[in-house]
Amino acid sequence: WTGSTTKQKLIFDNGTIGTSYEALTGIAENIRNTIVHYGLAAKVNGYLLVGKTFHPDLEDGSNYIFKSQPLHFDQFNVTADFLILPSTPTALASFNGRLYAFDENNTYRINVDGLYVEDTFNGVGCESPSSFCVTEFGMCIADKNNIYLHSGNNPKPIGNPILRGDDLAWQNRDTSYKSKIAFDGERKAYVITFKTESNFYAWIYSLGMSRWDLVKLGDGSTNEPKALMSGREGDIFMSQDGKLKQLFTGTAKRSWRYTTKEISLGMDTIDKMYYKLKTVGDNTGITISHAFNSGALSTAAAPTANEYSLSSTKAKSLKFSVIGTNTSNTDYKIDAIGVIYRRLPVK
């Protein structure tokens with residue numbers, strides 16, 4: 001303000017009563033602090049739901065879920081619009097018109113309008129705010145025990161084939177690194193990052209084939225995937241080593257390996273004669289190794305005329321590994337593989 005002129009404004013109270021502040025905003029006028037500090041948030045049905053909170057009038061708000069005023073994400077009626085969970089949430093997700101609050105071992109489905117817990121799924125949690133991904137195909141969730149696909153009714157474990165049996169199995173990973181999940185729209189697959197020793201990998205779950213594939217993302221601490229995000233064309237961007245990288249868009253072809261579990265053909269205690277493996281497709285660049293009765297894999301060798309000999313061995317179970325070694329940037333592949341065997345009499 002400039003100048004020395006004094007300005008005045010006269011306001012006359014004629015006794016007319018207008019709309020109250022509470023009626024206009026949904027918040028009582030005697031509430032001094034309408035802002036909630038929070039570590040987790042999700043937008044559901046025009047409300048902002050926040051968790052892992054702090055408010056000056058609360059001694060400990062870590063287990064509270066607060067709901068904002070409709071379409072006003074910075075206004076909270078902290079005296080009425082809240083829910084107290086039994087534990088501190090690790091993630092909040094908006095899915096099918098409901099709020100899903102996770103801790104490390106439980107999932108709470110919350111009705112946002114009434115702000116109450118509709119259902120609790122015990123034994124299914126979420127590692128971190130980055131360890132879930134919501135799509136039209138469902139919500140993919142990762143916790144310390146398994147990976148799940150939630151349909152809106154209940155979570156279904158989909159990680160059983162990769163839980164154990166290998167150094168890169170899910171339950172052998174380094175849990176100090178919290179997994180990130182994103183959706184690859186081109187392949188219709190969920191991508192879940194994880195760490196083993198000092199290396200970073202991603203399990204890729206294809207919805208169409210219900211199949212798991214493994215890719216390596218980098219070695220050493222500088223290659224830690226910090227975050228995943230979806231692009232506008234359904235692709236995935238990864239923050240890694242100070243760069244933003246677009247996944248699975250390179251033109252080079254990687255070498256690959258397909259390894260089975262122990263194959264007992266539904267007869268775990270009965271000896272079988274294993275004769276050979278039959279392959280279908282171009283065997284260029286393909287080698288195969290095998291093992292019987294949980295032994296070590298043999299030295300890899302190339303099949304001959306679409307056949308790989310198993311030397312007519314008697315055993316209860318078989319395991320084999322197919323390797324496509326790529327040295328010329330060629331799309332090496334094999335269409336199918338079958339086991340030729342004969343069941344022996346039970347003694």
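In terms of Cα atoms, the Rg and Dmax of the stretch 1-106 work out to 19.6, 68 Å. Give me the tail of P(r) for the stretch 206-347 as a percent: Cα-Cα pairs with distance above 19 Å. Taking all Cα-Cα pairs of the stretch 206-347, the fraction more than 19 Å apart is 64 percent. Legend: residue pairs LYS52/LYS195; LYS43/LYS180; LYS52/LYS156, Cα-Cα distance threshold 22 Å; pairs beyond threshold, LYS52/LYS195; LYS52/LYS156. When only alpha carbons are used to place a centre, the stretch 26-57 and the stretch 59-85 end up 4 Å from one another.
Excluding residues fewer than 8 places away in the same chain, name every one of the lysines whose C-alpha is closer than 19 Å to that of LYS253. Once the sequence-local lysines are set aside, what remains near LYS253 is LYS216, LYS245, LYS333. Spin-label model, MET267 to TYR21: label points 7 Å out along the Cα-to-beta-carbon direction sit 8.3 nm apart. When a 1.4 Å probe is rolled over the protein heavy atoms, the share of accessible surface on the chain that falls to carbon and sulfur comes to 49 percent. For the stretch 179-189, the Karplus equation 6.51 cos²θ - 1.76 cosθ + 1.60, evaluated at θ = phi - 60°, returns couplings of 5, 10, 10, 9, 10, 8, x, 5, 8, 6, 9 Hz by residue, with Gly and Pro reported as x. The stretch 165-225 and the stretch 245-296 have Cα centres lying 20 Å from one another. Charge tally for GLY125 (other residues, Cβ to Cβ under 10 Å; Lys, Arg +1; Asp, Glu -1): -3. A straight chain from LYS314 to LEU71 at 0.36 nm per residue would run longer than the Cα-Cα distance by 80.5 nm. Each distinct pair of alpha carbons in the stretch 282-347 adds a 1/r term; the inverse of their mean, the Kirkwood radius, is 13.4 Å.
For the chain, the C-alpha radius of gyration sits at 1.41 times the compact-globule guess of 2.2 N^0.38 Å, with N the residue count. Solvent exposure of the stretch 7-118 amounts to 59 Å² per residue of accessible area, where only protein heavy atoms count and the probe is 1.4 Å. Relative contact order of the chain, taken over Cα pairs closer than 8 Å and 6 or more residues apart, is 8 percent. Modelled label positions at PHE237 and ASN306, each set 7 Å beyond Cα in the direction of Cβ, lie 4.7 nm from each other. Taking a straight line from the alpha carbon of LYS316, these lysines sit under 19 Å away, with near neighbours fewer than eight places off in the same chain left out: LYS261, LYS272, LYS276, LYS347.
With a Förster radius of 35 Å applied to the beta-carbon distance between ASP219 and ASN96, the computed FRET efficiency rounds to 0.35. Cross-link partners for LYS144 among the aspartates and glutamates, with Cα-Cα distance under 12 Å and sequence neighbours closer than 8 places in the same chain left out: ASP103, GLU104, GLU127, ASP174. Contact order for the stretch 225-311, expressed relative to its length and based on alpha carbon pairs under 8 Å spaced 6+ residues apart, stands at 19 percent.
Which FRET efficiency value, to the nearest 0.05, is calculated for VAL339 and GLU197 with the Förster distance at 41 angstrom and r the Cβ-Cβ distance? The pair VAL339/GLU197 has a calculated efficiency of 0.80. Over the stretch 131-232, the fraction of Cα-Cα pairs per 5 Å bin, rounded to whole percents and listed from the shortest bin up, is 2, 13, 25, 27, 19, 10, 3, 1. Placing a pseudo-label 7 Å from each Cα along the Cα-to-Cβ vector at ASN293 and ALA28 gives an inter-label distance of 7.7 nm. LYS276 to THR120: FRET efficiency via 1/(1 + (r/R0)^6), r the Cβ-Cβ distance, R0 56 Å, to the nearest 0.05? Working from the Cβ atoms, E equals 0.60.
Dividing the summed helix terms, -39500 (n - 2.57) for each DSSP H run of n ≥ 4, by the number of residues in the chain produces a 222 nm estimate of -500 deg cm²/dmol to the nearest 500. Remark: the PHE137-THR88 segment gains 14.8 nm on full extension, using 0.36 nm per residue and subtracting the alpha carbon distance. The alpha-carbon atoms of the stretch 60-131, seen along their principal axes, cover 33, 30, 22 angstrom, with the largest extent given first.
The values are calculated or read from the model by the stated rules, or taken from the named source; none is laboratory data. Everything numeric in this text was worked out from a predicted model, so none of it was measured. FYI the Cβ positions are ideal-geometry reconstructions off the backbone, even for glycines, and counts take in every protein chain you see. The accessibility values were calculated without ligands, DNA or RNA, using every heavy atom of the protein model including side chains. Shrake-Rupley method; radii C 1.70, N 1.55, O 1.52, S 1.80 Å.
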